[in-house]
Each structure stands twice: as C-alpha cells, then as structure tokens.
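Have a look at the structure below before the remarks.
The values are calculated or read from the model by the stated rules, or taken from the named source; none is laboratory data. Everything numeric in this text was worked out from a predicted model, so none of it was measured. Neighbour counts run over all protein chains shown; Cβ positions are idealised from the backbone, glycine included. What goes into the accessible areas is simple: the full protein's heavy atoms, side chains included, and nothing from ligands, DNA or RNA. Shrake-Rupley method; radii C 1.70, N 1.55, O 1.52, S 1.80 Å.
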Amino acid sequence: RVLHFALTHSVLRFNTVSGSLNFNAENPAQSSVQADVAVTSLDTPYGGPRNFDEELQNSEWLNAAQFPNATFRSTSVEATGPNTGRVTGDLTIRGVTHPLTLDVTYNASHARHPMGPAISLIGFSARGTISRAAYGLNVLQPSAPGASDGVADQVELLIEAEFTRPVEEAAPPARTPAEPVN
C-alpha cells in the first residue's frame with residue numbers, strides 16, 4: 001500500500017505468488033524463505049475508465065515485459081519473540097536488488113488441514129517498507145518529502161502467506177495444533 005496524493009493509501013495486490021519455506025521451529029535461524037511474484041498478476045481496486053493494472057505493469061512503472069517477476073530470497077532469520085521474528089533478504093524489482101527486512105508473525109499451523117485435504121499448513125503475516133525510488137520506480141514522486149502532489153516514495157508491504165505440503169511429508173504431530181509444525 002502507498003499513500004496516493006496524500007488522500008488515501010492505495011492497496012495493490014499481486015494474485016500470482018509462488019515460493020517455498022524451509023521452517024525450523026527449534027532453530028529459526030536455520031529457516032529460509034523464497035518468493036516469486038508475477039508482476040502481471042497486479043490487481044488494483046480501480047474501477048474507472050482506464051486500465052490501471054495494465055498501466056502499472058508497463059515499462060514506465062514495473063516493466064513487466066522485461067522483468068516479469070519480483071523476487072525475495074531470505075539471507076537471515078531471527079526470532080524476536082515466541083511467535084515473532086525478523087526475516088532479512090534480497091528483494092529484486094525491475095532487475096534491481098536491495099536488502100529488505102520483514103517483521104514476521106507466526107499465526108498458526110495444522111498438522112492436517114482442518115477441512116479434510118491431505119495437506120499440512122503453516123501461516124505467517126509480515127510487514128516491511130521499501131523506497132520506490134531505490135528500485136527505479138520514480139513516476140509521480142512527490143516534489144518534496146511530505147508533499148501531497150504525487151504517490152509517496154515509501155511503500156508498505158503487507159504479506160499474508162500460507163504454506164502447504166502433503167501430509168505424508170510432514171513429521172508426525174508431536175505438538176498441539178497451535179505450535180509450528182516442521
């Protein structure tokens with residue numbers, strides 16, 4: 001989400017995301033995560049006469065034709081509390097890579113999906129902030145910090161992620177369902 005002309009926080013969503021998680025509940029520092037986001041899956045709530053999703057995917061903004069994916073690859077994981085942590089990694093947008101630190105909350109896990117599918121689940125929420133300018137996304141930058149004549153440079157990333165795997169790959173549940181499952 002990003003502040004749009006100092007009026008509202010515009011929320012953009014990417015609908016096609018893939019990734020993997022290597023989660024170690026006993027030693028979170030040994031965990032890792034990677035994610036690939038299809039830039040062409042951008043979805044905005046804009047309902048006006050313009051195709052705003054397509055405009056944001058064009059070369060002036062995200063340049064999806066040349067850079068179809070944004071990626072994140074973790075480089076370190078640190079536990080900050082019983083259900084919280086900090087994940088640092090490399091975020092690449094438009095071929096430009098910068099470090100990003102996400103504040104992460106472990107939400108819950110299930111050794112087996114509660115509605116019957118033969119999968120185990122684990123869910124996380126994460127937050128972080130990036131500078132658009134750092135990735136070359138300079139279109140409509142405000143004339144000065146705090147000015148209301150553009151789209152803010154700071155973009156807040158709000159991530160909700162569920163990871164799944166077949167039950168036969170999951171370790172037998174030795175914990176209560178509210179604890180992380182390896």
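Sort segment 1-67 into rounded, prolate or oblate with this rule: let a ≥ b ≥ c be the square roots of the eigenvalues of the Cα gyration tensor; rounded if a/c is under 1.5, and if a/c is not under 1.5, prolate when a/b is larger than b/c, oblate otherwise.
Working: a/c = 3.14, a/b = 1.97, b/c = 1.59.
Since a/c reaches 1.5 and a/b is larger than b/c, the shape of segment 1-67 is classed as prolate.
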Check: Restricting attention to segment 1-96, which trypsin sites (Lys or Arg not before Pro) occupy a DSSP loop and are surrounded by at most 10 other Cβ atoms within 10 Å?
Finding: Arg50
Check: Taking only the alpha-carbon positions of segment 1-144 and ignoring solvent, what does the Debye formula give for the base-10 log of I(q)/I(0) at q = 0.10, 0.16 Å⁻¹?
Finding: -0.43, -1.00
Margin query: Could you check the spin-label model distance between Thr40 and Val11? Points 7 Å from the Cα along Cα→Cβ, value in nm.
Written below: 2.6 nm
Next item on the list: Please give the length that would be gained between Ala108 and Arg165 if that part of the chain were fully extended, namely 0.36 nm times their separation in residues minus their C-alpha to C-alpha distance (nm, one decimal).
Entry: 19.0 nm
Checklist line | Accessible area expressed per residue, the chain, with surrounding protein chains retained (probe 1.4 Å, Å²) | finding: 59 Å²
Next item on the list: In whole angstrom, note down how far apart the Cα centers of segment 17-55 and segment 100-125 are.
Entry: 16 Å
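What Kirkwood hydrodynamic radius, in Å, does segment 93-149 give when the mean of 1/r is taken over all pairs of distinct Cα atoms and then inverted?
Numbers: mean 1/r = 0.0658 Å⁻¹.
For segment 93-149, inverting the mean 1/r across all distinct Cα pairs yields 15.2 Å.
For segment 38-82, what is the convex hull (Cα atoms) projected area averaged across all directions, in square nanometres?
Numbers: hull surface 21.8 nm².
The Cα convex hull of segment 38-82, projected and averaged over all directions, gives 5.5 nm².
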Item checked: Charge dipole (debye, nearest 20) of segment 75-176; +1 at Cβ of Lys and Arg, -1 at Cβ of Asp and Glu -> 160 debye
